[in-house]
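Engineer: Starting off with a structure, shown below.
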Amino acid sequence: MRAELGTAAPPSRGEMAIGIDFGASAVKGAAVDLRTGQFVGDRVRILTPQPSLPREVVKVMGTVVDRIVEQLTTRAEPVLSAADAAALPVGVGIPSVTRGGVVLTAANIDTSWIGFPAEREMSLAMGRPVVVGNDADVAGLAEVRFGAGRGQRGTTIVLTIGTGMGTALFVNGRLLPNTELGHIEMKNRDAEERVAESARSRLNLSWKDWAAGFDDYLHLLERLFWPDLFILGGGGSKRSDNYMQYLTVKTPVVIATLKNNAGIAGGALLARDGAAASGE
Ligand code: BGC
């Protein structure tokens, strides 16, 4: 996924953006070549401050961006001029429902994020345009543009299986933002409590038992949305060998191809396409 600095025909300023993936444990970011989804230079990763208060996290994001810009501008053959790098837009995936740049929910991050005008505060702190979106939507954007959902017509549901259960719904490649299908009711409880990756260890389930619940969940989504494709992403998709054989839905199920990089690559897409990418 990493593209070397200084390889042939590096992307121009308009072909690059910075993506940031804000998770419960780390804030990760990179400059992304928007033609390919590849990183330009190295990914920067800093642990998420604890507690993950908005202003502390925004500071960390600023440091991530500074380090990315440093990589692009201080080489013997810089990828961008300092002025161009200063104008690179940033897109951030947050484990929250976001609307109009404001955070409306907080999953596995400090609850003081709720109501935080993230786009405004981040743009001010970083001195450049920033767009925020839901983390699963953002990862889904990258999968649909560059990964397992590329060129897919019809309805695609991307599931990010991790601490939470994130979902992104696409029709002919266009996102319907903030679907939050991880919280759909299943057997009288919030599905996420049974089907997120974290549920497997918390409930001490074998892969087979976890997969039975996950399969029920996919059947539920299938009955409600009649998708053409499920794409499984997030940390839980890395261990799909343990459960794919137990899935019985008719809809094709494939594994995300961008894995950990989807959040960053999708953030960059969001930065470029702004609200249009998130369907707003
Ligand atoms: C949240 C979603 C988020 C998902 C993955 C869920 O608990 O409600 O907004 O996308 O976790 O982080």
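The values are calculated or read from the model by the stated rules, or taken from the named source; none is laboratory data. Note that this is a predicted model, so its numbers are computed, not measured. Glycine gets a Cβ as well: all are built from the backbone with ideal geometry, and neighbour counts include every protein chain shown. Just the protein is used for accessible areas: all its heavy atoms, side chains included, with ligands, DNA and RNA removed. Shrake-Rupley method; radii C 1.70, N 1.55, O 1.52, S 1.80 Å.
Engineer: Rounded, prolate or oblate for the range 205-275? Axes are the square roots of the Cα gyration tensor eigenvalues, ordered a ≥ b ≥ c, and the cut-off for rounded is a/c under 1.5.
Structural biologist: In terms of gyration-tensor shape, oblate.
Engineer: Expressed as a whole percentage, what fraction of the accessible surface of the range 148-256 belongs to carbon and sulfur atoms when a 1.4 Å probe is rolled over the protein heavy atoms?
Structural biologist: Of all accessible area on the range 148-256, carbon and sulfur atoms account for 47 percent.
Engineer: Distances over 18 Å make up what percent of all Cα-Cα pairs in the range 148-256?
Structural biologist: Percent of Cα pairs beyond 18 Å in the range 148-256: 43.
Engineer: Still on this structure, I have one more. Calculate one ³J(HN,Hα) per residue across the range 241-246 by plugging θ = phi - 60° into the Karplus curve 6.51 cos²θ - 1.76 cosθ + 1.60, and present them in order as whole Hz with x for glycine and proline.
Structural biologist: These are the phi-based 3J(HN,Hα) values: 4, 7, 9, 4, 5, 9 Hz.
Engineer: Amide H to amide H under 5 Å from GLY234: which residues, 5+ apart in sequence or cross-chain, H placed 1.01 Å off N in plane?
Structural biologist: Hits under the 5 Å cutoff: ILE161.
Engineer: Equivalent ellipsoid semi-axes for the range 13-138, as square roots of 5 times the alpha carbon gyration tensor eigenvalues: give them largest first, rounded to whole Å.
Structural biologist: 25, 14, 13
Engineer: In what sequence, highest mean first, do 91-102, 216-227 appear when ranked by Cβ atoms within 10 angstrom?
Structural biologist: Highest to lowest by the protection proxy: 91-102, 216-227.
Engineer: Shifting gears a bit: For the chain, what does the accessible surface come to per residue with a 1.4 Å probe? Please give it in Å².
Structural biologist: Result: 43 Å² per residue.
Engineer: For the range 182-220, which trypsin sites (Lys or Arg not before Pro) pass both filters: DSSP loop (anything but H, G, I, E, B) and at most 14 other C-beta atoms within 10 Å?
Structural biologist: Of the trypsin sites (Lys or Arg not before Pro), the ones in loops of the range 182-220 whose Cβ has at most 14 other Cβ atoms within 10 Å are LYS187.
Engineer: Another question, then. What is the distance in Å between the Cα centres of the range 61-89 and the range 92-136?
Structural biologist: One Cα centre to the other: 23 Å.
Engineer: With a 1.4 Å probe and all protein chains left in place, how much of the accessible area of the range 13-138 comes from carbon and sulfur atoms, in whole percent?
Structural biologist: 51
Engineer: So, one more: List, in order, the whole-Hz ³J(HN,Hα) value for each residue of the range 9-14 obtained from phi through the Karplus relation with A = 6.51, B = -1.76, C = 1.60 and θ = phi - 60°; use x for Gly and Pro.
Structural biologist: My calculation for the range 9-14 gives 6, x, x, 7, 4, x Hz in order.
Engineer: Can you give me the span-like helices of the chain, meaning DSSP H runs with 27 Å or more of Cα extent along the axis and Kyte-Doolittle mean at or above -1.0?
Structural biologist: Passing helices, by number: 54-73.
Engineer: With θ set to phi - 60°, apply the Karplus curve 6.51 cos²θ - 1.76 cosθ + 1.60 along the range 231-237 and write out the HN-Hα couplings as whole Hz, x wherever there is a Gly or Pro.
Structural biologist: Once rounded to whole Hz, the list reads 10, 9, x, x, x, x, 7.
Engineer: Another question about this same structure. Sorted from largest down, what three extents in whole angstroms do the Cα atoms of the chain have along their principal axes?
Structural biologist: 56, 40, 33
Engineer: Quick one: which residues, 5 or more positions from THR179 or on another chain, have an amide H under 5 Å from its amide H? H modelled 1.01 Å from N in the peptide plane, none for Pro or chain starts.
Structural biologist: LEU169
Engineer: Sticking with this one: Which of MET244, MET16, MET122 moves the most in a Gaussian network model of the chain with Cα springs under 10 Å?
Structural biologist: Comparing MET244, MET16, MET122 in the GNM, the peak value goes to MET244.
Engineer: Still on this structure: Each label point is 7 Å from the Cα along the Cα-to-Cβ direction; what then is the distance between the points at ARG45 and ARG99, in nm?
Structural biologist: Spacing of the two 7 Å Cα→Cβ label points: 3.5 nm.
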